[in-house]
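Worksheet: the structure to be examined is printed underneath.
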Amino acid sequence: MRCCVLALLAASLGAAPLQAQRQTEDNAFTWSGRIPSGHWIRVRNLSGDIDVTASNSDRVEVTATKRWRRSDPQSVRIEVRKSGPNDDDVVICALWNDRTDCDEHGSESHNVHNNDVSVQFRVSIPRGVKVGVSTVNGAIGVEGATSEVEASTVNGEVEASSSGGPVNASTVNGSVTARMGRFDNDEDLNFSTVNGTVVVEFTGDLDADVELSTVNGGFHTDYPVTLNGRLDPRHLRAKLGRGGRRIRLSTVNGNVELRRRG
Amino acid sequence: MRLIALFALICALGACRGRVHDVSDAFHWQTELPPGSTLHLRTSTGRIEVTPVQGTTASVVGSKRWQGRNDAIHFSWVRNGNDVWVCAMTGSGGRCGRDYRDSNGHGSWLDMFSLFKRRATHMEASLAVEIPRGVQIDAGSTTGEVEIHGTRAGVGAHTLNGAITIDGAAGPIEAHSINGAVEVEVDSLGPDDEINLKTVNGPVSAKIPPSTQGAVELATVNGSVETDFPLTASGEMSGHSVRGQIGSSSRGIRLKTVNGSVELLKSSGAPEGEGPVANGSPRR
């Protein structure tokens, strides 16, 4: 009798469908257009990485690759929207079903569980175009930007650099690395994660009020800071140069590093 | 009947442990010590207290305390040039001098067979010292506090179990403990006088003149770090450990512990460079 049961079980396991193969659709979406210098290209994603690189042309080029195992890739659509004065800014959104929406401020999602489609964006940008990219599950890499960068994710690393700036970057689970050249404005800057290190590199002298915070980790600063009174193991506040803009680097579990180049 | 006999035996054994002896002036010693001399004080168990005196005569009073019949504690001194060692010794072995070693009261091996041991136990030998200005102090105990007041030519102090307190001092300071607080107040420092304070279990605190400059290292593992001096720092740092700079001097100021707080505070001392009578490095 036991033999029969075992045989039946083996037969049923053998009859089970094989695990679904991962499938890829390259160039599932492409967009190319001119965005004037000083205006934004924004990409909003929920699942998948976003990689930004410098473009050799004067056009912004965006391509998306879809990956999935069981879900329908058509359930994710990618839309292009214009925003800003004279519609010079462009927002590209990956939308899961009808339950997600997005604009220049961010994306909103409602119950996109059980959908294993992910979208990987590749964006190339000409000089002077500002970059705003966000995802939830995926890493973000921005390289070769020359102007402002905003990059955020939840689960994944953020590595963003701009020969100008400023750069703001955040994640929750992952490290944040940001590098900036010289830039003029004096807006506040924020770099944050919860689980991971935060490394931010500026070029040359800096006039700023910096605040570094971690709960489980240490601090490193290439910029000399003046310490006085009781040192707070979780916060390091200092005025660099003449002070000015607020720069916050924060994590909970990880080190915080303020680096200087040049 | 048996119970009564056993009780009597226990009482007898208790009585044979011996009474406690306490001799407060067991040793008197004094000598001329010119400025630039170093007085080395050594005891294995006991307290060392140093106070300043006018003139050039240093004096040491040794006191001892032990339990048992035999008095195994004696005092000894050795002079070698400008270095003088005064040592409290227990037992018949041991050596006083640069290579100080105490036998810790170990007597004859036959003692182990004796129910009624003759050798002393719970031995303590303390030193109360008066030293002239300009004499450097090097005080060491294994178990016991070290307290040094008003010395003007630098201090070296070390103990394994006990606190170290130094106040009214001038010149370089080196103080190491393992189990005990290290608390130092310096009135004045020469331009190159360093401060090195270390312990493992206990807080470390230094009060130094407000005009002091130097390369500062403050470190603890479990505890807080506080500084009255604005430290310019870069590189690795945390709330438990920081390397920083006060002014431009490269003179080292190091305060370290493992379990305890670290404080670098401003004293109300004389300006830097006005105080010390003689400069030198404290020697252990």
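For region A:211-229, filtered to residues that are assigned to a loop (DSSP other than H, G, I, E, B) and surrounded by 14 or more Cβ atoms within 10 Å (Cβ to Cβ), the residue that is nearest to the other protein chains (Cβ to nearest Cβ) is A:GLY218. What do you reckon, is A:VAL167 surrounded by 19 or more Cβ atoms within 10 Å (Cβ to Cβ) and either under 18 Å from A:SER55 (Cα atoms) or within 14 Å of the chain's Cα centre (by Cα) (or both)? So A:VAL167 passes the test. May I ask you to verify whether A:ALA160 is within 24 Å of A:GLY48 (Cα to Cα), of a type in the set (A, V, I, L, M, F, W, C) and assigned to a strand (DSSP E or B)? For A:ALA160, the condition - within 24 Å of A:GLY48 (Cα to Cα), of a type in the set (A, V, I, L, M, F, W, C) and assigned to a strand (DSSP E or B) - is met.
Residues of region B:30-59 that are more than 15 Å from the chain's Cα centre (by Cα), within 20 Å of B:CYS87 (Cβ to Cβ) and touching a residue at least 60 places away in the same chain (Cβ under 8 Å): B:LEU33, B:SER37, B:THR57, B:ALA58, B:SER59.
When A:GLU187 is tested against (1) in a loop (DSSP other than H, G, I, E, B); (2) free of Cβ contacts under 8 Å to residues at least 24 places away in the same chain; (3) surrounded by fewer than 22 Cβ atoms within 10 Å (Cβ to Cβ); (4) not β-branched (Val, Ile, Thr), just one condition goes unmet, and that condition is (2). Taking region B:113-218 and the strands (runs of 3 or more DSSP E) fully enclosed by it, the elements with 2 or more residues that are surrounded by fewer than 23 Cβ atoms within 10 Å (Cβ to Cβ) and of a type in the set (Asp, Glu) are at B:121-132, B:182-188.
Consider A:GLY217 carefully, then state whether it is over 25 Å from A:ASN155 (Cα atoms), without any contact (Cβ under 8 Å) to a residue 60 or more places away in the chain and out of contact with any helix residue (DSSP H, G or I) (no Cβ under 7 Å at 6 or more places or on another chain).
no
Within region B:70-104, track down each residue that is under 16 Å from B:ALA139 (Cβ atoms) and not in a strand (DSSP E or B). The answer is B:CYS96, B:GLY97, B:ARG98, B:TYR100, B:ASP102. When the criteria are applied in full, B:GLU185 fails the requirement of being within 24 Å of B:HIS28 (Cβ to Cβ) and at pLDDT 95 or above. Could you tell me whether any residue of region A:127-136 is at negative phi and without any contact (Cβ under 8 Å) to a residue 24 or more places away in the chain? Scanning region A:127-136 turns up no residue that is at negative phi and without any contact (Cβ under 8 Å) to a residue 24 or more places away in the chain. Looking only at region A:190-210, filter to residues that are more than 17 Å from A:TYR223 (Cα to Cα) and either polar (S, T, N, Q) or more than 16 Å from the chain's Cα centre (by Cα) (or both); which one of those is surrounded by the most Cβ atoms within 10 Å (Cβ to Cβ)? Out of the qualifying residues, it is A:THR193. Identify, please: which residue in region B:239-259 is more than 14 Å from every other protein chain (Cβ to nearest Cβ) and of a type in the set (S, T, N, Q) and is, among those, surrounded by the fewest Cβ atoms within 10 Å (Cβ to Cβ)? Taking the candidates together, the pick is B:SER250.
Could you pull out the residue among A:ASP207, A:ASP232, A:ASP188 that is over 20 Å from A:GLU150 (Cβ atoms), out of contact with any His (no Cβ under 6 Å at 6 or more places or on another chain), more than 11 Å from chain B (Cβ to nearest Cβ) and not hydrophobic (A, V, I, L, M, F, W, C)?
On the way: A:ASP232 fails: more than 11 Å from chain B (Cβ to nearest Cβ); A:ASP188 fails: over 20 Å from A:GLU150 (Cβ atoms).
Exactly one residue qualifies, and that residue is A:ASP207.
The values are calculated or read from the model by the stated rules, or taken from the named source; none is laboratory data. None of these values were measured; they are calculated from a predicted model. FYI the Cβ positions are ideal-geometry reconstructions off the backbone, even for glycines, and counts take in every protein chain you see.
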